[in-house]
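Okay, structure first, notes after.
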C-alpha cells in the first residue's frame, strides 16, 4: 500500500523528475508492519527508459543492494 508518492513537497524548487514514495510492508510477509521510503528518479528518456528506484530505508532482500539499489537483471534496459 502506497502512503505517499510525489515530488519533495517540503522543497518548492525540487526536481520534478525526482519523486519519493512511502510504502507499507505487505500483509502476511516478513515486511508487514514496516514503512519503507523510496526515491524514484525519472530519466529524460522516459518512457523509453524506466525510472531508477532506490530504497532509502534499509531493506534486507536478495534483490536489493546494501546501498538500496534494486539489482534485478530483468529490469536492466540495453
Next item on the list: Residue by residue through the range 31-42, note down the ones that are outside any strand (DSSP E or B) and either touching a strand residue (DSSP E or B) at 6+ places or on another chain (Cβ under 7 Å) or more than 14 Å from residue 57 (Cα to Cα) (or both).
Entry: 32, 42
Item checked: Search result, residues across the range 17-50 that are farther than 17 Å from residue 64 by Cα and over 15 Å from the mean Cα position of the chain (by Cα) -> 27, 28, 32, 33, 44, 45, 46, 47, 48, 49
Note to self: Test of understanding: among 15, 11, 28, which residue is loosely packed, with under 14 Cβ neighbours inside 10 Å, assigned to a loop (DSSP other than H, G, I, E, B) and at positive phi?
What the structure shows: 28
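Determine, yes or no, whether residue 66 is within 15 Å of the chain's Cα centre (by Cα), surrounded by 14 or more Cβ atoms within 10 Å (Cβ to Cβ) and at pLDDT below 95.
It is false that residue 66 is within 15 Å of the chain's Cα centre (by Cα), surrounded by 14 or more Cβ atoms within 10 Å (Cβ to Cβ) and at pLDDT below 95.
The values are calculated or read from the model by the stated rules, or taken from the named source; none is laboratory data. These numbers come from a predicted model, not from an experiment. Note that each Cβ is placed from the backbone with ideal geometry, even for glycine, and that neighbours are counted across all protein chains shown.
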